[in-house]
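The values are calculated or read from the model by the stated rules, or taken from the named source; none is laboratory data. Because the structure is a prediction, the values reported are computed rather than measured. Note that each Cβ is placed from the backbone with ideal geometry, even for glycine, and that neighbours are counted across all protein chains shown.
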Amino acid sequence: MILCCGEALIDMISEPTASGAIGFVPHTGGAVLNTAVAMGRLGVPVGMLTGLSSDMFGQQLIDALKASHVDTTHVITSDRPTTLAFVQLSDGHASYSFVDENTAGRMLLPEDMPDQLPAVSALYLGGISLACEPCADAYAALLDRHGSDRAVMLDPNIRPDFIKDQTRFRTRLNRMISRADIVKVSDEDLDWIIPGAEAESAKASVLLQAGPSVVIVTRGSDGAHGYLADGSEVSVPVKPVEVVDTIGAGDTFNAGVLTELSRAEHLTKSGLRGLTVESLQAAMELGADVAAVTVSRAGAEPPWAHEL
């Protein structure tokens, strides 16, 4: 089972009401939940490790996970509130305002992380949970504890507004990158992690030298580029679709990559060290296929396997 570790929250998406005023409708969301749901719908054994509230929104999130066949054994429940993300769309692109103080997801501690993960073969970590403390330290501790003998994919999905102490964040993120086997970043993430005018390939090489076997850089409408430790590169274009909005695009791209690698039995540390260009290309192409369906729908609504 692939265990997705990070935030599950409610996206409050603006919609006009009967009176004509703008209201907000609660949708399940969160970068890591979106990836878990997408993999569940693609038929991959997947679970979720997160902090959820016992409130009505927490129950909505649990129901959504179970409906998409995501294992909830490692969900940690408390009576703290659910994180809310108020989403405003402009030309299909989303901007967010978060309500995240003292929430069930954010307040996870290192001691809350499980000592044993017997059924877990790979870890996926990412999202705002890597920036918001104390849960960021909890997920870093989880990786320290369980990442040495499992394949690890990391997507930092950097949001500078969430970073209160940049030095502390960079130190923690660099340690996590060194323990990861796959690092996926957007081009903006990459430029934030490694500032400067160097070419993307040079910056990807710096990340690879830190420890990962694979680096994937997504470029929005310009597709994605993959880099292997031996210097090989792969490019995958986006699929041409009519875009409704981009919510969850990168998250479901990650799900497609992990799904293909798992099905091809490459999702191990040794398998990723020996990954071929053809195998990385196939994984990224499935990621692009899944993301294309998601952006053609309102909200983060990834496809089921039969829809591909």
Problem set entry | region 118-137 - residue that is in contact with a Gly (Cβ under 9 Å, 6 or more places away or on another chain) and of a type in the set (A, V, I, L, M, F, W, C) and, of those, surrounded by the fewest Cβ atoms within 10 Å (Cβ to Cβ) | ALA119
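Here is a yes/no grid of residues against (1) farther than 25 Å from PHE57 by Cβ; (2) more than 17 Å from the chain's Cα centre (by Cα); (3) of a type in the set (D, E, K, R):
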position: LEU108; (1), (2), (3): no, yes, no
position: MET113; (1), (2), (3): no, yes, no
position: GLY126; (1), (2), (3): no, no, no
position: LEU143; (1), (2), (3): yes, no, no
For this session: Tell me, yes or no, whether region 73-93 has at least one residue that is modelled with pLDDT under 95 and acidic (Asp, Glu).
Result: yes
For this session: Being exposed (fewer than 15 other Cβ atoms within 10 Å of the Cβ) and either assigned to a helix (DSSP H, G or I) or among the acidic types (Asp, Glu) (or both) is the filter here, so list the residues in region 148-174 that pass it.
Result: ASP149, PRO160, ASP161, ASP165, GLN166, THR167, ARG168, ARG170, THR171, ASN174
Exercise. Got a sec? Which of VAL290, VAL215, VAL206 is over 18 Å from ALA36 (Cα atoms), β-branched (Val, Ile, Thr), buried (at least 19 other Cβ atoms within 10 Å of the Cβ) and modelled with pLDDT of 95 or more?
Worked result: VAL215
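In a helix (DSSP H, G or I), over 23 Å from ILE76 (Cβ atoms) and either in contact with a strand residue (DSSP E or B) (Cβ under 8 Å, 6 or more places away or on another chain) or not small (Gly, Ala, Ser) (or both) - does that describe any residue in region 137-147?
Of the residues in region 137-147, the ones in a helix (DSSP H, G or I) are 137-146.
Right, trim to over 23 Å from ILE76 (Cβ atoms) and you get none.
Checking region 137-147: not a single residue is in a helix (DSSP H, G or I), over 23 Å from ILE76 (Cβ atoms) and either in contact with a strand residue (DSSP E or B) (Cβ under 8 Å, 6 or more places away or on another chain) or not small (Gly, Ala, Ser) (or both).
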Problem set entry | SER235 being outside any helix (DSSP H, G or I), polar (S, T, N, Q) and surrounded by fewer than 17 Cβ atoms within 10 Å (Cβ to Cβ) | yes
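Here's the yes/no breakdown for (1) surrounded by fewer than 16 Cβ atoms within 10 Å (Cβ to Cβ); (2) in contact (Cβ under 8 Å) with a residue 24 or more places away in the chain; (3) β-branched (Val, Ile, Thr):
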position	(1), (2), (3)
PRO16	yes, no, no
THR35	no, yes, yes
ALA64	no, yes, no
HIS69	no, yes, no
THR83	no, yes, yes
